[in-house]
1. Out of all the residues in the range 137-157, which are within 11 Å of the ligand (Cβ to nearest atom) and open to solvent by 50 Å² or more (accessible area, probe 1.4 Å)?
2. Scan the range 173-191 residue by residue and report those that are of a type in the set (V, I, T) and out of contact with any strand residue (DSSP E or B) (no Cβ under 8 Å at 6 or more places or on another chain).
3. Could you check the range 158-182 and list, in sequence order, the residues that are part of a loop (DSSP other than H, G, I, E, B), within 14 Å of the ligand (Cβ to nearest atom) and of a type in the set (V, I, T)?
4. Scan the range 183-195 and give yes if some residue there is over 20 Å from the mean Cα position of the chain (by Cα), under 21 Å from H70 (Cα atoms), open to solvent by 20 Å² or more (accessible area, probe 1.4 Å) and not aromatic (F, W, Y), otherwise no.
5. If I ask for residues that are hydrophobic (A, V, I, L, M, F, W, C), assigned to a helix (DSSP H, G or I) and closer than 22 Å to L19 by Cβ, which ones from the range 183-220 would you list?
6. Does A75 satisfy the criteria of being open to solvent by 20 Å² or more (accessible area, probe 1.4 Å), touching a residue at least 12 places away in the same chain (Cβ under 8 Å) and not in a loop (DSSP other than H, G, I, E, B)?
7. Touching a Leu at 6+ places or on another chain (Cβ under 7 Å) and more than 27 Å from S216 (Cβ to Cβ), is that true of V128?
8. I'm checking my understanding of the structure. Among residues of the range 50-65 that are over 16 Å from the mean Cα position of the chain (by Cα) and closer than 23 Å to S216 by Cα, which one is most open to solvent (accessible area, probe 1.4 Å)?
Amino acid sequence: MGEQIVILTGAGISAESGLGTFRDEGGLWAQHRIEDVATPEGFERNPELVLGFYNQRRAEAAAATPNAAHVALTALEAKHEVLIVTQNVDGLHEAAGAQNVLHMHGSLAQAMCAACAARWEAPMVMQVSDPCPHCGAQATRPDIVWFGEIPYGMEKIDAALSKATLFAAIGTSGNVYPAAGFVAEARRLGLPTVEMNLEPSAGHSLFDDLRLGPASETVPAWVNELAAKSTS
Ligand code: APR
């Protein structure tokens, strides 16, 4: 088997599939206040607004298709042991055929009950009046990790990093922890680190290798390079 690779992806990998990023010009956080749509307090205050925000993003994500970057990462899985740790809540890695994807910030495809924590496949349109299919409470919410909540899969991510031979970050601005701290952990473990982004992220100085350009170009080029290396 080739390399053992941990790949962190962010909104930039889905940008060319037409899904908005957060902090680019005109991004989601320029259109909505984080405290209104991406915190438990915001949900408590106005569940209608929050469900509406995620219903809109769920519809956009359902209409989007994977781009060459998602497809290239899936091809990696054939030759290397790959864990895609995505901050994204769209299902484009899975739609491209990726098998080993960890949604550390949750997923638009999942709903959960704020009362009993049950989880189920989210309907396209979530309404405040929807009863939880398990406890009946009208407390359903998207299974998305909001600011102030604990990301999913941290133990699995740490375990994967501890046995990895390569760390890559694609399309993330490096502004949000704990994801933004993975590159420092990779360096502490002595891993080679590569970043692919349109522009240098906040953590760019921690990467050995920085490849600037659209993910649909930089990611397939990087995957091809790895393939050439593993056959030489
Ligand atoms: N190709 C590659 N990179 C791109 C492209 C592209 N076509 N378009 C944008 N980018 C890069 C931007 O340069 C930026 O560095 O993607 C990054 C997007 O950054 P953010 O909008 O901050 O998204 P992300 O890093 O995923 O945000 C992390 O913050 O709000 C929370 O939970 C939310 O998961 C999200 C987290």
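1. The answer is F147, E149.
2. V176 - this is the single residue of the range 173-191 that is of a type in the set (V, I, T) and out of contact with any strand residue (DSSP E or B) (no Cβ under 8 Å at 6 or more places or on another chain).
3. Start the filter on the range 158-182 by keeping residues that are part of a loop (DSSP other than H, G, I, E, B), which leaves 163-165, 171-178.
Still in the running and within 14 Å of the ligand (Cβ to nearest atom): 171-178.
Of everything in the range 158-182, those that are part of a loop (DSSP other than H, G, I, E, B), within 14 Å of the ligand (Cβ to nearest atom) and of a type in the set (V, I, T) turn out to be T172, V176.
4. No, because not a single residue in the range 183-195 is over 20 Å from the mean Cα position of the chain (by Cα), under 21 Å from H70 (Cα atoms), open to solvent by 20 Å² or more (accessible area, probe 1.4 Å) and not aromatic (F, W, Y).
5. Within the range 183-220, A215, V219 qualify.
6. Values: open to solvent by 20 Å² or more (accessible area, probe 1.4 Å): yes; touching a residue at least 12 places away in the same chain (Cβ under 8 Å): yes; not in a loop (DSSP other than H, G, I, E, B): yes.
In short, yes.
7. Values: touching a Leu at 6+ places or on another chain (Cβ under 7 Å): yes; more than 27 Å from S216 (Cβ to Cβ): yes.
So V128 fits the description; yes.
8. Here is the first cut: in the range 50-65, the residues over 16 Å from the mean Cα position of the chain (by Cα) are 50-53, 55-56, 59, 63.
Then keep just the ones that are closer than 23 Å to S216 by Cα; that gives 59, 63.
Details: A59: 50, A63: 86 Å².
My answer is A63.
The values are calculated or read from the model by the stated rules, or taken from the named source; none is laboratory data. As the structure is a prediction and not an experimental result, all values here were calculated from the model. Here the Cβ is made from the backbone with ideal geometry for all residues, glycine too, and neighbour counts use every protein chain on show. Surface areas here come from the heavy atoms of the whole protein model, side chains and all, with no ligands, DNA or RNA. Shrake-Rupley method; radii C 1.70, N 1.55, O 1.52, S 1.80 Å.
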